[in-house]
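Colleague: Below is one structure. I have some questions about it.
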C-alpha cells in the first residue's frame with residue numbers, strides 16, 4: 001500500500017508525515033511524532049487512555065485514522081502546558097490528587113479540557129458524563145470530578 005502525506009498541526013506545531021492510509025492517529029502521535037503521553041490502552045475504544053483533542057473535540061485516537069485529521073489541529077496532553085506552565089486542569093489534577101498510577105490521566109485531562117472549554121456552569125452530573133468514556137482503575141473518580149469542578153468554578157486560571 002502506498003504511503004500518503006498527512007499535514008496537520010499537533011500542539012500548535014505543523015507536521016508533515018508519510019503514512020499508510022490505515023494508520024491510526026494514536027500510532028502517528030506516539031510512534032511518528034514521539035508524543036508518548038497519549039497511551040495505547042485497550043485499542044477497542046473502551047478505556048479512553050488514548051484521548052486527544054481534534055479541533056477542540058475529544059476523540060479516542062485509537063478509533064480515528066490519522067489521514068482523517070488532514071489539515072486539522074490535534075492537541076495531546078503535552079500541548080496543555082503553555083510556556084512551561086501547567087494548564088488550570090493539570091494544576092487542579094495535581095492539587096486534588098486526581099491520579100495514582102497515571103495511566104488514564106492524559107486521556108482524562110484531554111476529555112476534561114475539551115469539556116471545560118465548552119461548559120458553562122456545569123452540574124456535577126454533567127462533569128461525570130464528560131469523562132464517562134475514560135476508565136480509571138485507581139482513584140474512584142471522586143478526586144477527578146472535584147478537580148474538574150474546581151476549574152469550571154473559576155478556582156484555577158491560565159497564568
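The values are calculated or read from the model by the stated rules, or taken from the named source; none is laboratory data. Since the model is a prediction, treat every value here as computed from it, not as a measurement. Here Cβ is always computed from backbone atoms with ideal geometry, including for glycine, and neighbour counts include all displayed protein chains.
Colleague: Collect the residues in the range 74-85 that are surrounded by fewer than 22 Cβ atoms within 10 Å (Cβ to Cβ) and more than 13 Å from residue 112 (Cβ to Cβ), keeping them in residue-number order.
Modeller: 78, 79, 81, 82, 83, 84, 85
Colleague: Among the numbered criteria (1) out of contact with any helix residue (DSSP H, G or I) (no Cβ under 7 Å at 6 or more places or on another chain); (2) within 25 Å of residue 118 (Cα to Cα), which one does residue 22 miss?
Modeller: (2)
Colleague: Mind checking which pairs have a first residue in the range 139-159 that is on the phi > 0 side of the Ramachandran plot and a second that is in a loop (DSSP other than H, G, I, E, B), Cβ under 8 Å, 6 or more apart or different chains?
Modeller: 141/131
Colleague: Quick check, is residue 74 in a strand (DSSP E or B) and either under 18 Å from residue 39 (Cα atoms) or in the same structural domain as residue 29 (by TED's automatic domain parsing) (or both)? So that I can check it myself, show each step before the final result.
Modeller: Working: in a strand (DSSP E or B): yes; either under 18 Å from residue 39 (Cα atoms) or in the same structural domain as residue 29 (by TED's automatic domain parsing) (or both): yes.
So residue 74 fits the description; yes.
Colleague: May I ask you to say which residue of 66, 114 is over 12 Å from the mean Cα position of the chain (by Cα) and buried (at least 19 other Cβ atoms within 10 Å of the Cβ)?
Modeller: 66
Colleague: Residues of the range 119-130 being closer than 26 Å to residue 102 by Cβ and touching a residue at least 24 places away in the same chain (Cβ under 8 Å), which ones?
Modeller: 119, 122, 124, 127 - these are the residues of the range 119-130 that are closer than 26 Å to residue 102 by Cβ and touching a residue at least 24 places away in the same chain (Cβ under 8 Å).
Colleague: Could you please let me know if residue 71 is in contact with a strand residue (DSSP E or B) (Cβ under 8 Å, 6 or more places away or on another chain) and loosely packed, with under 14 Cβ neighbours inside 10 Å? Lay out the reasoning, then the answer.
Modeller: Values: in contact with a strand residue (DSSP E or B) (Cβ under 8 Å, 6 or more places away or on another chain): yes; loosely packed, with under 14 Cβ neighbours inside 10 Å: yes.
Answer is yes for this residue.
Colleague: Now for a separate question. Given the condition surrounded by 14 or more Cβ atoms within 10 Å (Cβ to Cβ), in contact (Cβ under 8 Å) with a residue 24 or more places away in the chain and over 25 Å from residue 105 (Cα atoms), answer yes or no: does some residue in the range 19-31 qualify?
Modeller: Taking every residue of the range 19-31 in turn, at least one turns out to be surrounded by 14 or more Cβ atoms within 10 Å (Cβ to Cβ), in contact (Cβ under 8 Å) with a residue 24 or more places away in the chain and over 25 Å from residue 105 (Cα atoms).
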